[in-house]
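Undergrad: Okay, handing you the structure first.
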Amino acid sequence: MTQTFSLSATTLFGLEEILAEELKSLGAKDIRVQRRFVEFSGDQYLMYKANLWCRTAIRILKPIAYFTLHEEDDLYREIQEIRWDKYITPQSTIAIDSFVHSSIFTHSLYVSQRTKDAIVDQMRDEKGIRPGVDLKDPDLRLNLHINQNKAVLSLDSSGDSLHKRGYRIQTNTVPLNEVLAAGILYLTGWDCNSSFIDPMCGSGTFLIEAAMMALGRVPGYYRNKFGFMRWLDYDSGLFHGIQDEAIKNERETLSFPIEGSDVNRKTYQIACKNIQNAGMEDYIQIQHKAFEEQTPPPAPGVMVMNPPYGERQEVDQLREKYIRIGDVLKSKYKNYSAFVFTGNLKEAKNIGLRTTFRKELFNGAIDCRLLKYDMYAGSK
Ligand SMILES: C[S@@+](CC[C@H](N)C(=O)[O-])C[C@H]1O[C@@H](n2cnc3c(N)ncnc32)[C@H](O)[C@@H]1O
């Protein structure tokens with residue numbers, strides 16, 4: 001009989017409900033949406049599946065201890081209560097990510113060090129050898145959350161953040177986080193069966209994520225490493241079965257276009273390389289072209305763009321750009337659902353069209369909006 005346990009998937013602000021839907025479709029139970037994470041329960045099969053399948057998850061965590069702290073020393077004591085030989089050998093390496101919001105502790109680095117001490121001291125006392133620390137590529141990554149006096153310690157089954165899909169070999173200066181891009185695609189409601197265009201595609205994140213969604217390709221397709229693969233209880237047969245099943249169910253062709261363009265030659269070349277590296281040349285067409293010159297594929301369809309926010313641009317130029325976005329949408333994107341994702345809320349007003357949907361999201365620390373414009377055939 002498979003054992004069921006608590007799990008938690010972390011995500012970006014604003015994508016919690018979407019992640020909950022993804023988890024539900026994979027068979028997760030007891031789903032509870034929290035701020036920037038979703039709690040659920042499942043078994044090892046679901047934990048592997050969530051790592052491979054969730055487009056909007058950053059990490060899948062498996063909590064192993066919940067405790068209350070009254071003073072600093074309680075942390076060391078509580079960590080030593082856990083039987084660590086269940087999870088690591090004396091030869092293993094570990095890393096601890098700590099997130100602390102508490103008056104008992106102020107430094108997350110100190111919390112990580114005390115946790116590490118408690119683990120390696122237990123192993124040394126019992127086996128005579130201390131496990132090592134490897135912050136970049138450990139055998140076991142742990143995640144410790146302390147909120148006031150409540151602590152949750154979890155095994156990080158993802159290892160590297162799941163936004164690192166593995167298809168990006170080249171970046172320009174400001175590529176979108178892949179989890180954010182996938183979340184935005186879900187928010188557009190695109191049916192994965194009609195035209196899709198990103199006419200300011202940058203490094204191609206929306207295009208590659210869109211093609212993956214349309215093909216039914218799992219976001220973990222290009223990754224060969226997940227944290228759980230180095231756990232003592234790793235069941236490689238189970239995981240490879242899930243992988244094979246996912247690949248078997250992919251679509252082989254798309255009967256609608258996924259197109260992109262960018263005005264900057266170097267950026268366009270970077271996008272070409274990323275698309276090639278993802279093996280998506282047959283599904284995505286891109287051009288080195290200005291948005292204003294681009295003719296979109298036949299409607300109906302979805303257009304998503306992430307125009308410059310203005311950090312490196314003249315204010316007047318930026319204003320002009322946003323005015324032109326509105327003009328081009330009106331003249332060329334009839335019967336499209338058009339979405340603009342921007343961190344420049346002031347300039348976004350210059351688009352001059354009525355939004356039919358707005359969603360607050362963050363790109364790193366930048367407060368952004370996803371804005372929707374329904375471009376009807378008759379003028380609106
Ligand atoms: C914020 S970046 C987009 C980043 C992209 N979403 C990614 O994930 O890499 C904005 C992009 O718009 C492009 N751009 C600016 N003005 C443009 C125009 N008029 N036509 C086409 N592309 C334009 C820039 O070259 C830049 O690559």
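Undergrad: In a GNM of the chain with a 10 Å cut-off on Cα contacts, which of Y283, Y110, Y222 has the highest mean-square fluctuation?
TA: With Cα springs under 10 Å in the chain, the top fluctuation among Y283, Y110, Y222 is at Y110.
Undergrad: Okay, next question. Where the centre of each part is set by its Cα atoms, how far does the stretch 272-337 sit from the stretch 157-206, in angstrom?
TA: So the separation of the two Cα centres works out to 15 Å.
Undergrad: For the stretch 212-322, give the magnitude of the charge dipole about the Cα centre (Cβ charges: +1 Lys/Arg, -1 Asp/Glu; no others), in debye to the nearest 20.
TA: Numbers: 13 positive and 16 negative charges, 58 e Å.
With Lys and Arg at +1 and Asp and Glu at -1, about 280 debye.
Undergrad: Hey, can you list the DSSP H helices of the chain whose Cα span along the axis is 20 Å or longer and whose average Kyte-Doolittle score is at least 0.5?
TA: none
Undergrad: Report the equivalent ellipsoid semi-axes for the stretch 5-156 in whole Å, largest first, defined as the square roots of five times the eigenvalues of the gyration tensor built from alpha carbon atoms.
TA: Output for the stretch 5-156: semi-axes of 28, 18, 13 Å.
Undergrad: Using label points projected 7 Å from each Cα along Cα→Cβ, tell me how many nm separate D30 and H101, to one decimal.
TA: The answer from the label model is 2.3 nm.
Undergrad: Please state the charge dipole magnitude for the chain, taken about the Cα centre, from unit charges on C-beta atoms (+1 on K and R, -1 on D and E), reported in debye and rounded to the nearest 20.
TA: With only Lys, Arg, Asp and Glu charged at Cβ, the dipole is about 980 debye.
Undergrad: Moving on to the next point. Starting at the first residue of the stretch 351-361, write each ³J(HN,Hα) from the Karplus equation 6.51 cos²θ - 1.76 cosθ + 1.60 with θ = phi - 60°, in whole Hz, x for Gly and Pro.
TA: 4, x, 10, 7, 7, 10, 6, 9, 9, 7, 9
Undergrad: Highest GNM mean-square fluctuation, the chain, Cα pairs closer than 10 Å: which of A299, A338, A210?
TA: For the chain, modelled as a Gaussian network with Cα springs under 10 Å, the answer is A299.
Undergrad: Separate question: Would you work out the charge dipole size for the stretch 5-156 about its Cα centre, treating the Cβ of every Lys and Arg as +1 and the Cβ of every Asp and Glu as -1, and quote it to the nearest 20 debye?
TA: On the way: 20 positive and 23 negative charges, 77 e Å.
Once rounded to the nearest 20, the dipole reads 360 debye.
Undergrad: Quick one: Karplus J couplings for the stretch 288-302, per residue in order, coefficients 6.51, -1.76, 1.60, θ = phi - 60°, nearest Hz, x for Gly and Pro?
TA: Coupling constants for the stretch 288-302: 8, 7, 7, 3, 5, 8, 7, 9, x, x, x, 6, x, x, 10 Hz.
Undergrad: Need the list of lysines near K349 for cross-linking: C-alpha distance under 22 angstrom, and skip anything on the same chain fewer than eight residues off.
TA: Hits, sequence-local ones excluded: K321, K330, K332, K334, K359, K372, K380.
Undergrad: Calculate one ³J(HN,Hα) per residue across the stretch 224-231 by plugging θ = phi - 60° into the Karplus curve 6.51 cos²θ - 1.76 cosθ + 1.60, and present them in order as whole Hz with x for glycine and proline.
TA: Values, residue by residue: 10, 9, 9, x, 5, 5, 10, 6 Hz.
Undergrad: Sticking with this one: If you build a Gaussian network model of the chain, linking Cα atoms that sit under 10 Å apart, which residue out of T11, T188, T106 swings the most?
TA: Looking only at T11, T188, T106, the biggest GNM fluctuation is shown by T106.
Undergrad: Quick one: Cα centre-to-centre distance for the stretch 343-380 and the stretch 44-80, in angstrom?
TA: Computed from Cα coordinates, the inter-centre distance equals 37 Å.
Read the figures in this text as sums done on the coordinates, not as results from a lab. Treat the numbers as computed from the prediction; the structure is a model and nothing was measured. Counting neighbours? That spans all protein chains shown, and the Cβs are built from the backbone with ideal geometry, glycine included.
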